[in-house]
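Remarks on the structure that follows.
The values are calculated or read from the model by the stated rules, or taken from the named source; none is laboratory data. All of these numbers come straight from a predicted model, not from anything done at the bench. All Cβ positions, even for glycine, are placed from backbone atoms using ideal geometry, and neighbour counts span all protein chains on display.
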Amino acid sequence: MAIHPTAIVDPSAEIDPSVEIGAYAIVEGDVRIGAGTRIYPHAFVGRYTTIGERCHIHPFAVVGHVPQDLSYDGSMTYTRVGNDTTVREGATVHRAAIPGATTVVGDRCLIMSVAHVGHDCVLGNEVKLANSGLLAGHVRVEDKVFVSGNSAVHQFVRLGELAIIGGGLRVNADVVPFMMHGPDGIVGPNVIGMRRAGYGTEERQEIRLCHRILFRSKHTIHEALHEIERTVQTEPGRKFAAFLRAPSKRGLEGLRLRRR
């Protein structure tokens, strides 16, 4: 184990022998860090945090610190970071505010510089949060979502699989899977992202159809959902329908202000 002599590591922390901890880094108690992970100089890993294998926590990153929630009462809450995830300089991942709950960042995620993952967020795998991208508390982010720089996501919003959030946006409502969110709202399917993710022509065409039914027809939301459920035959289509069917606290982006 390579721990710099100036690092402060609580004796109760469970750290794999292959972990590297740099100068002036701080690792609090009740922390677990998996094999091959590197904690860079001046990084901070807070209490009740689990970090997986082969992760990189860069200088001045903060993972697992207390939540920015005025209702937080000091209860035991947790942070969990999956394998092969990188948290870049100055980024923050706060632990949950609800007693016993966990803020989760999945496998192979990239949290870029000065980005923020708020308390009680749950991120899937291969999520990318670009520089200064901000997730408020209780946000749910599905696999392979990309949040561009300087975008802010409201609390309790859901971002569906392979959605792309454009730069400098305010996201106040749920973004359905496989969609691109631009300055004027939902601009269409993320066809290139789907192709790169291995989805074939039939699957991409079905998502195009789902987009037309939901955003370009005169159907109400419930009529559109019924039509989509009746029509879809591929896995992405079923995921699209399931996202619409699931409970939402913020409504759907692009539909929230019409056809209530």
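Condition test on D174, is it in contact with a strand residue (DSSP E or B) (Cβ under 8 Å, 6 or more places away or on another chain), among the acidic types (D, E) and either closer than 18 Å to A242 by Cβ or at pLDDT below 95 (or both)? For D174, the condition - in contact with a strand residue (DSSP E or B) (Cβ under 8 Å, 6 or more places away or on another chain), among the acidic types (D, E) and either closer than 18 Å to A242 by Cβ or at pLDDT below 95 (or both) - is met. Based on this model, can you work out whether D30 counts as charged (D, E, K, R) and surrounded by fewer than 15 Cβ atoms within 10 Å (Cβ to Cβ)? Judged against the criteria, D30 is not a match.
Every residue, every condition in (1) in the same structural domain as G100 (by TED's automatic domain parsing); (2) out of contact with any strand residue (DSSP E or B) (no Cβ under 6 Å at 6 or more places or on another chain); (3) closer than 17 Å to V81 by Cβ, yes or no:
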site	(1), (2), (3)
A7	yes, no, no
P11	yes, yes, no
V19	yes, no, yes
I26	yes, no, yes
A35	yes, yes, yes
H42	yes, yes, no
R47	yes, yes, yes
E53	yes, yes, yes
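Which residues, counting only those in segment 225-249, are surrounded by fewer than 17 Cβ atoms within 10 Å (Cβ to Cβ) and either assigned to a strand (DSSP E or B) or not polar (S, T, N, Q) (or both)? H226, E229, R230, E235, R238, A242, R245, A246, P247, K249 - these are the residues of segment 225-249 that are surrounded by fewer than 17 Cβ atoms within 10 Å (Cβ to Cβ) and either assigned to a strand (DSSP E or B) or not polar (S, T, N, Q) (or both).
If the condition is being at pLDDT below 95 and in contact with a helix residue (DSSP H, G or I) (Cβ under 8 Å, 6 or more places away or on another chain), then segment 197-223 contributes S217, H219, I221. Any residue at all in segment 203-224 that is in contact with a Phe, Trp or Tyr (Cβ under 9 Å, 6 or more places away or on another chain) and either closer than 26 Å to V117 by Cα or not in a helix (DSSP H, G or I) (or both)? No, segment 203-224 contains no residue that is in contact with a Phe, Trp or Tyr (Cβ under 9 Å, 6 or more places away or on another chain) and either closer than 26 Å to V117 by Cα or not in a helix (DSSP H, G or I) (or both).
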